[in-house]
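Peer 1: Questions regarding the structure given below will be posed in turn.
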Amino acid sequence: MLETLFLAADHLLHWQVIVALFIGSIGGVIIGAIPGVGPAVAIAILLPATFSMEPLVGLTLLLGIYGSSMYGGSLPAILINTPGTAVNALTTYDGYPMTKRGEALRALGLAYGASFFSAIFSVVVLILLAPVLAKVAPMFGSREIFLAALLGVVLVIVAHKGQMAAAGMMAGFGILLQSVGMEPVNYTMRFTFGLAWLTSGLDLIVVVLGLFAISQAFVLMVEPESAPDAKSVSGSMGGAVREVLGYKRVALTGSGFGVLMGMIPGVGEFTAQFLSYTTARRFSKDPDSFGKGSPEGLVASESANNAVPAAAMIPLLALGIPGEALTAMMLSVFYVHNVVPGPNLFQNQLDFVYALYLALIVLNIIVILWMLVSSNLLIHLIRVPTRFLGMGILILSFVGIYSLRNSAVDCLVAAGFGVFGLIVKRLNLPVVPIILGMVLGNIMEVKLRAAAARIESPLDFVSRPISALLVIAIVLIVVQALRTTLRDWAEDPSAETHS
Amino acid sequence: MKQVFNFLALFRRERRPGDLVFAVGFFLFAVLVALVLPQQAKFLPDKALITQPGFWPAVGVAMMLLFGGVHMIATLNAPRLPGRLREVLVWGRSLEFVGWFVVYVLSVPRIGYLPATVALAVLLGVRLGYRTRRALLAAVLFAVAVVLIFRTGLHVRLPAGALYSYLPDAIRSFAMTNF
């Protein structure tokens, strides 16, 4: 293992990787600090540019943005009660009341400290887990990967508590979108309506850029102007960061939930935060202070969300199954470079996997050092007027879409998805299931077809131990989701429940 | 009948203005797609169902119909909120920006990436209300920075503007490669 770790470190010691790490980590903080942008928009825009880079360079750039945006996102969440990224929403509960009490510096320090603690914790856990995964991953054949992808779809729907029907219809829409074009086995056309430009199907990146980037530009431009104001902070940030060591138990629990939830496709940060926050509150000596400026609440929230990025790489690297939108985008970087994530990657290229994990450690060190000195600088970014930001995102989106294949049609398609995304976002309906429907739908189709020769009856799905476990998990989750929905309704039929 | 109402209560959800328009629109789209499914996806003879070309489109459409139907019932069953027309008009307002984007896309191969980006940043900035000298300067600087990063620095694949061919020999190829 040590030898592989050194080999991985060697991969990182190239100037392109180091530059990508710096740009990704600092860029991610900046993007996270600007409310209304978020890592999904940034990754979608940068994705085509990374196709010409070495896989490790491109992936560290994107990982940098993914792993560091939550640090930046906590800044506006704490200072102006506006989360920089969606997963910092819970941070506002305790961070902003602390700012109102005059403890902004302490809140920022705790948030950064908790984020750093959990990020390092999660990467160390994953490095220790890697040899186990290398043994387990080859036990996944076509039918197991099909079932794991199906489990991902089920979890994406079930995880949208209160919006399950909306998530289900969006996932279905994604599955339909991925099937458009010429089907590769029998060469028949699917939903092309005789249009030549649809023969090659809808490019995932075009849809992603439309749904995430262009839609966000439209959302910002059609809404009234807002330029939030935030006051500068003064004092020793280092001392405030160290205070997190006083909340080790809370940070450790949050990190644990983050790792566990991150590994399960379709679950992610929100569930991890919810579990971490409620557990911290249950065992707190002062549970009433939660939501009113509790340092424990802040640590619980920030430690849970920042442990997820590293853990989310597990299903992606070990099985080739992305658990959420950002890793779904990263999957395309693998495919472009002919690096096929899945069981073979852990067996044959463990050094590559370790290199990604080490990159996560390095980027977190860069970020925490940057945050110690840059908070007041980043406050200026919070003040960027929102409609100007929308214009900027529209201009940047063009680069991402047009550079794919110099197609004006792609730009039109992306603009169409941009309008659709605007509607969905304004109605507060989930967008992510569309992307996961596209990616997981494709995996399910390919893997089920590959397994079809050995499947004569539905019972063949449970004839192997892992596939049997996956089938049981799917059935239990569906039954539990239905039971919970029915129970909630039985307890309070007048309450607004789930769609 | 009481049971039916109780069942509907199960799917009640908080509504936003415009929710019903989207829910009905999406469901009608799903129905339309389901109607054209036999023409747009093939089911070949002597093939197992799971390997049929039309199997996965059918799965997607079935999910859209099932969940979209439930979503529509939930929306119909929720208390109505005023402002539906206003919300739909906001959706329509985004079409103006689609227009700006399309003009930008079409102008890049003609007048070049740098001039098109600067023009869009300034004109759209003015349209959005940024008319001070400082704002206009910020728009120009932003546009130039984007071009320098992506075209000059990263050499992202974008077409050289046809207008550049009229530039003097000395700077023509430089402009075509970098801007």
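Rule-based calculations on the coordinates, nothing more; no lab input. Values in this document were obtained by computation on a predicted structure and should not be read as measured data. Ideal geometry is used to build each Cβ from the backbone, glycine not excepted, and the neighbour counts take in all protein chains shown.
Peer 1: Translational diffusion coefficient of region A:355-408 at 37 °C, 0.692 mPa s, Stokes-Einstein with Kirkwood Rh over Cα pairs, in µm²/s as a whole number. List each step's numbers first, then the result.
Peer 2: Working: Rh = 14.4 Å.
My calculation gives 228 µm²/s for D.
Peer 1: Taking the Cα centre of the protein assembly as shown as origin and charging only Cβ (+1 Lys, Arg; -1 Asp, Glu), how large is the dipole, in debye to the nearest 20?
Peer 2: Dipole size: approximately 1160 debye.
Peer 1: Compute the helix-to-body angle for A:38-50: its Cα long axis versus the longest principal axis of chain A, expressed 0 to 90° and rounded to tens.
Peer 2: 50 degrees
Peer 1: If packing is taken as the average number of other Cβ atoms within 10 Å across a peptide's residues, how do A:201-211, A:106-116 rank, most packed first?
Peer 2: Ranking the peptides A:201-211, A:106-116 by packing returns A:106-116, A:201-211.
Peer 1: Hey, another quick one. Gain in length, A:Ser284 to A:Met182, computed as 0.36 nm per residue apart minus the alpha-carbon separation, to one decimal in nm?
Peer 2: Length difference between fully extended and current span is 31.0 nm.
Peer 1: Compute the helix-to-body angle for A:248-263: its Cα long axis versus the longest principal axis of chain A, expressed 0 to 90° and rounded to tens.
Peer 2: Orientation of helix A:248-263: about 20 degrees from the principal axis.
Peer 1: Right, here's the next one. Helix B:169-178 versus the longest principal axis of chain B: what is the Cα-based angle in degrees, 0 to 90, to the nearest 10?
Peer 2: The angle comes out at about 30 degrees.
Peer 1: What's the FRET efficiency of A:Ala86 with B:Ala145 using the Cβ-Cβ distance as r and R₀ = 25 Å, to the nearest 0.05?
Peer 2: Working: r = 27 Å, r/R0 = 1.09.
Computed FRET efficiency for A:Ala86 and B:Ala145 comes out at 0.40.
Peer 1: Mean projection of the alpha-carbon convex hull of region A:155-237 over all orientations, in nm²?
Peer 2: That works out to 11.1 nm².
Peer 1: Take A:Asn338 and A:Lys292, extend 7 Å from each Cα along the Cα→Cβ direction, and tell me the distance between the two endpoints in nm.
Peer 2: Here the modelled spin labels are 6.3 nm apart.
Peer 1: Using the Kirkwood formula on the Cα atoms of region B:6-117, what hydrodynamic radius do you get, in angstrom to one decimal?
Peer 2: Every distinct Cα pair counted, the radius reaches 17.7 Å.
Peer 1: So, one more: Can you give the mean number of other chain Cβ atoms that lie within 10 Å of the Cβ atoms in peptide B:101-107?
Peer 2: The shielding value for this peptide is 5.
Peer 1: Another question, then. If I model a spin label at B:Ile171 and A:Leu459 as a point 7 Å from the Cα along the Cα→Cβ vector, what separation in nanometres do I get?
Peer 2: Between B:Ile171 and A:Leu459, the simple spin-label model gives 7.9 nm.
Peer 1: Still on this structure, I have one more. HN-Hα J couplings of region A:234-240 from phi, Karplus 6.51/-1.76/1.60, θ = phi - 60°, integer Hz, Gly and Pro as x?
Peer 2: Going residue by residue, I get 9, x, 8, 5, x, x, 5 Hz, with x marking Gly and Pro.
Peer 1: Counting other beta carbons within 10 Å of each residue's own, what order do A:Trp15, B:Trp100, A:Trp370, A:Trp197 fall into, fewest first?
Peer 2: Going from least to most buried by this count: A:Trp15, A:Trp197, B:Trp100, A:Trp370.
Peer 1: Next up: Compute the length gained on full extension between B:Asn178 and B:Val102: take 0.36 nm times their separation in residues and subtract their Cα-Cα distance, giving the result in nm to one decimal.
Peer 2: Details: separation 76, 0.36 × 76 = 27.36 nm, distance 2.29 nm.
Here the segment from B:Asn178 to B:Val102 would lengthen by 25.1 nm.
Peer 1: Continuing with the same structure: Can you compute the modelled spin-label distance between A:Lys100 and A:His380, with each label point 7 Å from Cα toward Cβ, in nm?
Peer 2: 3.0 nm
Peer 1: Mind checking the log10 I(q)/I(0) for chain A at q = 0.06, 0.07, 0.08 Å⁻¹? Debye, one equal scatterer per Cα, no solvent, two decimals.
Peer 2: Values returned for q = 0.06, 0.07, 0.08 Å⁻¹ are -0.26, -0.36, -0.48.
Peer 1: What residue among B:Gly112, B:Met176, B:Ala143 has its Cα farthest toward the positive end of the dipole of region B:94-178, where the charges are +1 on Lys, Arg and -1 on Asp, Glu, each on the Cβ?
Peer 2: Of the candidates, B:Ala143 comes out farthest on the positive side.
Peer 1: Just checking the output field for A:178-185: average partner chain Cβ neighbours within 10 Å of each residue's Cβ?
Peer 2: Counting Cβ atoms of other protein chains within 10 Å of each residue's Cβ and averaging gives 4.
Peer 1: While we're looking at this one, here's another question. I need the per residue convex hull volume for region B:94-178, using only the alpha carbons, in cubic angstrom as a whole number.
Peer 2: 98 Å³
Peer 1: Starting at the first residue of region A:144-159, write each ³J(HN,Hα) from the Karplus equation 6.51 cos²θ - 1.76 cosθ + 1.60 with θ = phi - 60°, in whole Hz, x for Gly and Pro.
Peer 2: In residue order, the calculated couplings are 5, 5, 4, 5, 5, 5, 4, 4, x, 4, 4, 5, 4, 6, 5, 5 Hz.
Peer 1: Right, something else. For A:Lys285, list the lysines whose Cα falls under 29 Å from its own Cα; do not include residues on the same chain fewer than 8 positions away.
Peer 2: A:Lys285 reaches A:Lys100, A:Lys248.
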